[in-house]
Amino acid sequence: MRDSGRAGTLREQAERLHRLSVEATDNGRPALAARRLRQALDLLGWAAPSTEHTGDDSLLARLLTSLAHAEAEQGRSELGMELLDEAQRRARAGELAIVHAQRGLMHLRMGSSTQALRELDIAAPMLSVDGDRVELARVLLNRSVIHITTGHVRQARDDARRSAQLAHAHGHPVIAAKALHNDGYCDLLLGDVPAALSVFARVERLYQEVNPGFLPVLALDRARALLAVGLTDEAGHTLDRAIDGFRRQRLMQDYAEAELARAQCALDAGRHAEARDWARRAETHFRRRGSEAWARRAELMRLRSDLAQGTAPRSVARRARDLAARFAQLAMPDDGEMARLVSVRAHIAAGHLTAAESAACPSAATADGTATGPSSSPLHNVRPSPGEGPSGGTTARGGGRGRGEPLDVRLMRRLAEAELAGAQGHRGQALRKVRSGLALIDSHRGTLGSLDMLTGVAALGADLAAHGLRAALAGSSPRQVFAWSERCRAQAFRFRPTRAPEDDQTAEALAELRQLAQQMHADEAAGRRRPALRRRCLELEQVIRERGWQLPGVGERLAPATVAAVHEALAEDGLALVSLLNVGGGLLAVVLVNGRCHLHRLSAYEPVAEAARRLAGDLNAQAGRNLRPALKAVIEASIQRQLGVIAGALAAPLRQALSGARGIVLIPTMGLSAVPWGLLPDLRGRPLAVAPSALVWLAARRAAEPFVQDGSSSVLVAGPDLEHAEREIERLGAVHPKAHTLRGERATVSATLSALDGASFAHFATHGHHERENVLFSRLDLADGPLMAHDLQRLDRTPGHVVLSACDVGQAVVRAGDELLGFTAALLYLGTSTVISSLTRVPDAVAEQVMVAYHRGVALGASPADALAAAAEGEPACTFVCFGAG
């Protein structure tokens with residue numbers, strides 16, 4: 001009797017350890033779960049798997065099933081399968097469904113969707129007839145993962161939502177949270193990144209409450225969403241956090257998947273050697289786990305990195321061809337198609353046109369889809385916690401795919417087809433393929449609402465855009481080169497950003513951010529530094545930024561500018577246009593003047609960009625006070641030297657433009673966006689408008705309104721702690737006697753935004769700050785804190801004409817495709833026609849003098865470009881630039 005009681009006690013202890021193991025796996029801690037499960041097995045006297053049938057034991061079968069998953073998650077997949085075989089021998093008939101479901105999950109985690117589905121097809125009917133409802137919820141959850149992996153989005157969403165219903169009904173919040181996670185991932189596969197991120201934000205709050213161990217998995221999926229819109233830096237930071245979490249939890253499959261996503265980050269950012277290194281590490285970890293399918297994906301990433309580097313294209317072509325065949329055997333069509341396209345491009349790079357044509361034959365291609373998708377590697381989503389008894393169910397095998405191909409596969413196909421057509425001498429066909437690819441990017445961009453994403457997504461089509469420009473240059477038609485440059489640059493300006501969110505979370509974050517900014521400003525004045533405040537500011541900025549990522553796009557867009565329309569507008573204003581391009585490291589200029597289009601091949605880009613960087617540093621140094629005469633002379637000499645380098649490179653196009661026009665519209669590229677062009681000798685005293693593209697200039701020109709002479713719809717704002725601000729605003733008040741003036745304590749953020757909304761003209765005399773690390777938080781200092789670029793998105797209608805008499809806020813971060821982000825750029829995105837702002841620090845006395853002269857000129861009827869040219873002509877330290885319409 002005593003032995004029977006002791007046995008009962010041991011089994012009760014084993015049951016308790018099993019429950020604790022489930023909690024550990026709920027929190028993503030497989031190592032802890034495995035320890036508890038082995039303790040339970042020791043209590044039951046079990047030592048190792050046996051091939052002999054030793055009788056049914058429900059508890060032992062459950063322990064072995066859970067241990068199988070815990071071991072597999074730590075990289076011991078073969079042992080996991082052995083444990084499942086033992087569990088199947090021990091399980092009673094009614095419990096076999098759990099064993100089959102667990103085996104299906106393990107196959108899924110190793111990338112074997114077909115085998116996973118086979119096991120789940122066995123498990124599903126067993127549980128559907130008279131099974132545990134919570135177990136059925138787990139089954140549906142895992143089945144949704146398989147549908148996600150195979151691209152059947154509708155079925156995946158149906159299963160995820162049914163799983164959530166069952167989980168809610170039976171009080172299982174962990175499963176419900178994971179089901180919502182899967183639902184959000186369906187949005188990602190359908191190309192709706194804002195919707196996916198919005199769901200992920202809800203899931204994050206749920207995980208923090210009920211399942212914090214799965215936060216790294218969520219971070220991995222959020223990073224994949226950011227990669228889908230070209231935000232590689234942000235995705236990389238997110239992945240670093242996920243990798244750290246997976247390492248601590250010993251979740252080796254997820255760890256390797258995060259490494260593979262990190263390789264994608266590096267590849268998209270142009271860091272090819274780094275991408276290869278990440279992919280190699282991921283491949284090693286996948287192979288240790290026995291995850292062949294995932295190891296092949298990592299191998300494909302290595303080949304893509306080698307191709308981008310130009311490494312051994314013949315070898316890349318052969319290996320990619322073999323890899324495509326292997327993917328076909330594994331029933332992985334998207335990966336197989338990507339491998340085939342890599343082979344085609346590698347053959348072209350190696351000069352093997354016949355082999356490329358053979359590899360590109362239509363029979364090898366898959367059908368083109370219509371929806372966008374995030375990354376080249378098939379994406380897996382969150383799965384049920386290890387040890388919980390995963391899913392089973394039926395699948396719509398004969399149905400069509402719910403999402404088409406991932407966007408990057410379709411873009412790679414357009415690029416391969418364009419390169420092949422070009423190699424065959426069919427330049428027109430090559431350009432059509434590029435145009436088709438860029439249209440896919442446009443369609444994707446139309447779903448996005450935040451400036452961050454609108455500008456970031458251009459990176460996805462960088463290779464296509466570069467090929468289109470090279471193909472246009474090969475035709476030697478200046479008009480065609482100009483038209484293609486307009487297709488490839490600053491496309492985000494064609495889409496109006498969505499109004500910034502005004503929810504409670506965002507409002508609270510903004511309020512705290514302004515308060516902290518005030519404290520930091522006071523600390524700076526007192527000579528103190530509190531790093532904790534800066535860290536908190538960065539956290540708040542990220543909260544606000546992530547909320548903006550969830551904004552859907554409005555879909556409206558401007559049509560590209562035609563050459564004829566640009567010529568007509570230039571002729572009406574007596575201007576010429578100079579558009580600068582960086583193509584393959586070479587600086588080019590296209591000049592539109594007197595109805596003609598001219599192409600100039602100038603010099604290498606980098607020396608001119610370096611001169612621009614040095615010029616900015618010199619100008620900032622020159623604006624400092626109390627410079628010693630010797631140092632001042634050195635700085636001034638350097639300024640003239642850098643201006644000479646830039647002017648020398650652009651001498652031919654500027655001379656041609658000015659020979660037939662009184663002024664210039666200048667379209668800079670990349671680092672040359674930081675040049676204060678009015679300082680160039682040929683441009684002093686000339687009306688000059690700088691714009692991100694001809695389309696932006698043309699649209700701004702059309703939207704420009706006549707200046708209201710009495711200033712009745714004008715706003716004048718003086719910020720704090722700026723010596724000349726009050727005096728400047730007072731002097732401008734004499735020019736605009738009916739202007740709405742805000743100064744002192746009245747110049748608050750809310751009062752300023754209220755005054756700006758719908759005003760025709762605004763002038764700020766404030767301190768300005770350009771934030772390179774978080775551009776949308778570039779700011780102007782007001783009485784109660786900063787007015788940030790982000791705040792401008794809350795306006796229904798921005799002023800048509802804005803003058804920023806503040807340092808630095810004309811600067812911008814330039815992303816791929818000459819996409820701009822900054823305070824001045826934000827105003828242009830939101831519809832302001834003309835912005836006057838400086839690219840560097842400007843001495844207070846110079847700023848006040850130039851601004852007063854500028855306003856007098858505008859009040860007398862001069863255009864902004866003409867007024868600024870006249871006001872700044874005699875000021876060598878004036879770096880104000882007229883952006884937009886001019």
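The values are calculated or read from the model by the stated rules, or taken from the named source; none is laboratory data. Worth saying up front: this structure is predicted, and the values here are computed from it rather than measured. Positions of Cβ are backbone-derived with ideal geometry, glycine not excepted, and every protein chain shown enters the neighbour counts. Quick note on the areas: whole protein, heavy atoms, side chains included, nothing else; ligands and nucleic acids left out. Shrake-Rupley method; radii C 1.70, N 1.55, O 1.52, S 1.80 Å.
Structure summary
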{"quantity": "Linear extension gain, Ala474 paired with Gln13, 0.36 nm per residue minus alpha-carbon span", "calculated": "158.2 nm"}
{"quantity": "Relative contact order (%) - segment 747-802, alpha-carbon pairs under 8 angstrom, separation at least six", "calculated": "45 percent"}
{"quantity": "Per residue solvent-accessible surface (Å²) - segment 407-494, probe of 1.4 Å", "calculated": "30 Å²"}
{"quantity": "Rg/Rh (Cα only; Kirkwood hydrodynamic radius) as it applies to segment 701-884", "calculated": "0.92"}
{"quantity": "Nearest 10 degrees, 0 to 90: helix 30-43 Cα axis against the chain principal axis", "calculated": "10 degrees"}
{"quantity": "Cα-projected label distance for Arg529 with Asp721, points at 7 Å along beta-carbon direction, nm", "calculated": "1.6 nm"}
{"quantity": "Arg536-Leu558 pseudo-label distance in nm [points 7 Å out on the Cα-to-Cβ vector]", "calculated": "4.2 nm"}
{"quantity": "Per residue accessible area of segment 312-362, 1.4 Å probe, in Å²", "calculated": "43 Å²"}
{"quantity": "Per-pair calculated FRET efficiency, R0 = 45 Å: Ala325 and Arg499 via Cβ, rounded to 0.05", "calculated": "0.35"}
{"quantity": "Shape of segment 658-698, Cα gyration tensor, a/c cut at 1.5", "calculated": "oblate"}
{"quantity": "Rounded Å value of the spacing that divides the Cα centres of segment 227-275 and segment 813-886", "calculated": "41 Å"}
{"quantity": "Angle in degrees between helix 153-169 and the longest Cα principal axis of the chain, rounded to the nearest 10", "calculated": "70 degrees"}
{"quantity": "Percent antiparallel among DSSP beta bridges (both partners in the chain, rounded to 5)", "calculated": "55 percent"}
{"quantity": "Heavy-atom accessible area ranking, 1.4 Å probe, most first, across Arg499, Arg655", "calculated": "Arg655, Arg499"}
{"quantity": "Between helix 96-109 and the chain: long-axis angle, C-alpha atoms, 0 to 90°, nearest 10", "calculated": "30 degrees"}
{"quantity": "Relative contact order (%) - the chain, alpha-carbon pairs under 8 angstrom, separation at least six", "calculated": "9 percent"}
{"quantity": "Derived scalar couplings ³J(HN,Hα) [segment 195-204; Karplus, 6.51 cos²θ - 1.76 cosθ + 1.60; whole Hz; x for Gly, Pro]", "calculated": "5, 4, 5, 5, 5, 4, 5, 5, 5, 4"}
{"quantity": "Solvent-accessible area of Ile98 with every protein chain in place, 1.4 Å probe, in Å² to the nearest 10", "calculated": "40 Å²"}
{"quantity": "Relative packing of peptides 469-475, 775-781, 459-465 - highest average C-beta neighbours within 10 Å first", "calculated": "775-781, 459-465, 469-475"}
{"quantity": "Reachable aspartates and glutamates from Lys433, criterion Cα separation under 19 angstrom, eight or more residues apart if same chain", "calculated": "Glu337, Glu357, Asp368, Glu405, Asp408, Glu417, Glu419, Asp442, Asp463, Glu486"}
{"quantity": "Extension gain, Ala511 back to Glu274 (0.36 nm per residue minus Cα-Cα distance, nm)", "calculated": "81.3 nm"}
{"quantity": "Rel. contact order, % - alpha carbon contacts under 8 angstrom, at least six apart, segment 563-664", "calculated": "32 percent"}
{"quantity": "Distance-filtered residues of segment 692-709 - backbone nitrogen under 14 Å, label point 7 angstrom along Glu568 Cα→Cβ", "calculated": "698-699, 702"}
{"quantity": "Computed accessible area, Val543, all protein chains, 1.4 angstrom probe, square angstrom", "calculated": "50 Å²"}
{"quantity": "Spherically averaged projected area in nm², based on the convex hull that wraps the Cα atoms of segment 407-494", "calculated": "5.2 nm²"}
{"quantity": "Anisotropy class of segment 312-362 from Cα gyration tensor, a/c 1.5 cut", "calculated": "prolate"}
{"quantity": "Anchor Lys632: lysines whose Cα lies under 18 Å away (excluding residues fewer than 8 positions away in-chain)", "calculated": "none"}
{"quantity": "Rounded accessible area of Arg489 (nearest 10 Å², 1.4 Å probe)", "calculated": "10 Å²"}
{"quantity": "By accessible area with a 1.4 Å probe, ligands and nucleic acids excluded, highest first: order of Thr311, Thr498", "calculated": "Thr311, Thr498"}
{"quantity": "In nm, spacing of pseudo-spin labels at His170 and Arg628 (7 Å Cα→C-beta vector)", "calculated": "8.1 nm"}
{"quantity": "Convex hull volume per residue in cubic angstrom - Cα atoms of the chain", "calculated": "175 Å³"}
{"quantity": "Shape call, segment 200-297: gyration tensor on alpha carbons, a/c limit 1.5", "calculated": "oblate"}
{"quantity": "Contour minus Cα-Cα distance for Leu96 and Glu82 (0.36 nm per residue)", "calculated": "3.5 nm"}
{"quantity": "Range in the chain, longest, excluding exposed GluC sites (Glu not before Pro) [loop by DSSP; at most 11 other beta-carbon atoms within 10 Å]", "calculated": "53-501"}
{"quantity": "Of all accessible heavy-atom area on segment 193-237, the percent that carbon and sulfur account for (1.4 Å)", "calculated": "48 percent"}
